[in-house]
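Please see the structure below; I have some questions.
Only the coordinates and a few stated rules stand behind these numbers; no lab work does. From a predicted model like this one, the values you see are computed outputs, not experimental measurements. Methodologically, a virtual Cβ is constructed for each residue, glycine included, from the backbone with ideal geometry; neighbour enumeration extends over all protein chains shown.
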Amino acid sequence: MDPWLEITLSGFLGGLLALERRAFLQAMFSRPLVAGTGMGLLLGDVSAGLAVGTVLELFHLGSANLGAALADNETLAAAGTTAAAAALGRGAGGSTAAIWSAAIIALVWLGPAGRMCERALERYSEHLAEKALLSAEEGDLTTAIHQNLWGMWPHFVVFGLFTAACAQAGYAVSHYWELLPFWAARGLAWAYPAMTSVAAAVAVRGSHSRRAAAYACAAAGAVMLIGAVRGLFQGHP
Amino acid sequence: MKVEIGNSASSAPSVNSLGAGLLLRVFMRSLFLQASWNPRGMQNLGLAYALYPALKKLYPERERLNAAVRRHLTFFNTHPYSAAAIVGGILNYEERIARGKEDAGKVTEFKSALMGPLAALGDGFFWLSLKPAVGAACAALVPMFRAWAALIFLVFYNVVHLTLRARLFWVGYTRGDGLIQEIGRVDLPARGTWLRAVAAASAGGLAAWLALTFGANEPGYLRWVLVMGCLAVGTLAYWFVARKTPKYIVLYVAALLAGTAGAVL
């Protein structure tokens, strides 16, 4: 696929996911695991989508918009980071743990950045609400009612542009990726499991369970035991 | 909790009064509840947008329709899923108001009385229990099912979400004030406790599984360095996050330490 077409498609999907998260349905298409996988499928790199989506799903597991409080925008973080990782992998000749790490390290801040954008866009929605009230007072009910739908396009455009910019950045960086020394690539590859462990720990905390640590330790212990028994039978040390 | 507003005895309209098609239309439009969420009126535009087709049918006279729309352009905020119950309940009220059997102020009282409790219920069950549980469980399924894990996420979550959302809308419409008793019967908080335990266990199990998997990629003693390193990083990260250290700082520090180890070893 042509890179510019991929960048455009990633922006389009990023915009749709932003709408699903905020304005319409909230059926979790915008959760990092789903958004990352979807973006990976679109850009032909499912591995990058799953790798980024899993880490960010766990990292943002417990966050939610409660009342008027806004949580970090996990959708933008997942869509943008996956778009960048997939584009970088495509340009660099393959999807690796080093690329996933580099994308997450560089773009995980999109979560807080997206939250700030949402806050800024609320001013536009406030203007729409005022216009709706004014129209209702004047008896123009159709205009008043349809103001609700006008609140969606800024989200689509802003978050779509962010995502497309991430894909573009991924392609731009891919030209220089081969200059990365081996030790740096290996270091980045080791950073990925560490970030996954941190994300899992954040998820345990974000589960809001009163005995979160106990449940997590019990499950981790069971998995380690099964792994050790399997290793024993397969002759690993 | 007991909320007594209006006349519950007459709060059982038939589908025919608004029509199944119109009810479905209002329900579908209620999915846009947050399209223009704003700090002042919050979900007010979304609520008026959802109700508009029904109000147009109930109030053919321009003056009454205008008044009905304006009473729903006032402040409104609740959980977007449990809002379906209030939207259904408002239709129940508006039918009675249109027939002259209820005072128009009662529907505002109904909204005010329910939006807080239903927001707390929705946040507690959907946002803080169901979403983390399904998210963590499906993230744990990624190593086995790969991209299908995302589909499993959508199916599991939305079977519960859409069923409850549609059910809440119907209960609100048919029972009016009686929806409180119906919702209480489902006992969502008790189910939430169980779901939160699933989320914690899934995240812990996945962390251990990934540590073993990443370790398996390294030769000799480095295998155990990586496995134990991952588990130690996870434990330390939990400790720091539990003590309010910003999670972004913990993530960057862990990446830096592991990256340095990978570059040097």
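Averaged over peptide B:228-234, how many Cβ atoms belonging to another chain are found within 10 Å of each residue's Cβ?
5
For the stretch B:28-184, place one equal point scatterer on every Cα, skip the solvent, and apply the Debye formula. What is log10 of I(q)/I(0) at q = 0.08, 0.11, 0.13, 0.18 Å⁻¹?
For the stretch B:28-184 at q = 0.08, 0.11, 0.13, 0.18 Å⁻¹, log10 I(q)/I(0) is -0.27, -0.48, -0.64, -1.05.
Output the peptides A:211-221, A:180-190 sorted from most to least packed, where packing is the average of other Cβ atoms within 10 Å over each peptide's residues.
A:211-221, A:180-190
Ok, one more. Calculate the tail of P(r) for chain B: the fraction of all Cα-Cα distances greater than 22 Å, expressed in %.
In whole percent, the share of Cα-Cα pairs in chain B beyond 22 Å is 64.
Same structure, new question: By how many degrees, 0 to 90 and rounded to 10, does the Cα axis of helix B:62-71 deviate from the longest principal axis of chain B?
40 degrees
Compute the orientation-averaged projected area for chain A from the convex hull of its Cα atoms and round it to one decimal in nm².
If you wrap the Cα atoms of chain A in a convex hull and average its projections, you get 16.4 nm².
Okay, next question. Given the convex hull over the Cα atoms of the stretch A:38-136, what projected area results after averaging over all orientations, in nm²?
It is 7.8 nm².
For chain A, with only Lys/Arg (+1) and Asp/Glu (-1) charged at the beta-carbon, what is the dipole magnitude about the Cα centre, in debye rounded to 20?
Here the size comes out at about 1000 debye.
Let me ask you something else. With a sphere of radius 11 Å drawn around the Cβ of A:Asp72, what net charge do the other residues whose Cβ falls strictly inside it have (Lys, Arg +1; Asp, Glu -1)?
Spelling it out: positives minus negatives among the neighbours equals 0.
Go from 0 up to the bin containing the longest alpha carbon distance in the stretch B:108-236, width 5 Å each, and give me the % of pairs per bin.
Calculated P(r), rounded to whole percents: 2, 10, 14, 16, 14, 11, 9, 7, 6, 4, 3, 2, 1, 0.
At 10 °C and a viscosity of 1.306 mPa s, what translational diffusion coefficient does Stokes-Einstein give for the stretch A:1-62, taking Rh as the Kirkwood radius over Cα pairs? Give it in µm²/s as a whole number.
134 µm²/s
What's the average, rounded to a whole number, of partner chain beta-carbon atoms within 10 Å of each residue's beta-carbon in A:62-75?
4
Using the Kirkwood formula over every pair of different C-alpha atoms, what hydrodynamic radius in Å results for the stretch B:138-209?
14.4 Å
How much length is gained if the chain between A:Glu137 and A:Ala214 is pulled fully straight, taking 0.36 nm per residue apart and subtracting their Cα-Cα distance, in nm to one decimal?
21.9 nm
So for the stretch B:99-181, Kirkwood radius off the Cα pairs, Stokes-Einstein at 37 °C and 0.692 mPa s: how many µm² s⁻¹?
Roughly 215 µm²/s, to the nearest whole number.
Taking chain B as a Gaussian network, Cα atoms linked when under 10 Å apart, which of B:Phe110, B:Phe214, B:Phe76 shows the biggest mean-square fluctuation?
B:Phe214
Using the alpha-carbon centroid of each, what span in Å lies between the stretch A:25-81 and the stretch A:157-210?
If we compute the Cα centre of each part, the gap is 13 Å.
Could you give the spread of the C-alpha atoms of the stretch A:115-193 along their three principal axes, from largest to smallest, in whole angstroms?
69, 23, 16
Per-residue Cβ counts within 10 Å, from other chains only, averaged over B:54-63: what number is that?
1
Packing-wise, with mean Cβ within 10 Å as the measure, how do B:39-50, B:252-263, B:195-206 rank, highest first?
B:195-206, B:39-50, B:252-263
By how many nm would the segment from B:Tyr248 to B:Ile152 grow when fully extended, if each residue of separation counts as 0.36 nm and the alpha-carbon distance is taken off?
Gain on extension, B:Tyr248 to B:Ile152, equals 31.7 nm.
Based only on the alpha carbon positions, what is the Kirkwood hydrodynamic radius of the stretch B:59-116, in angstrom?
11.8 Å
Right, another one. How high is the relative contact order of chain B, given as a whole-number percent (alpha carbon pairs under 8 Å, six or more residues apart)?
RCO, chain B: 20 percent.
I'd like the Karplus ³J(HN,Hα) series for the stretch A:61-71: coefficients 6.51, -1.76, 1.60, θ = phi - 60°, whole numbers in Hz, and an x wherever there's a Gly or Pro.
Taking θ as phi minus 60°, the curve returns 4, x, 8, 7, 7, 10, x, 8, 6, 9, 8 Hz for the stretch A:61-71.
Another one. What does the convex hull of the Cα atoms of the protein assembly as shown come to per residue, in Å³, rounded to a whole number?
Dividing the Cα hull volume of the protein assembly as shown by its residues yields 142 Å³.
Oh, and also: Based solely on its DSSP helices, what 222 nm [θ] is calculated for the protein assembly as shown when runs of n ≥ 4 H residues each add -39,500 (n - 2.57) and the sum is averaged over all residues, nearest 500 deg cm²/dmol?
Only helices count here, giving -25000 deg cm²/dmol.
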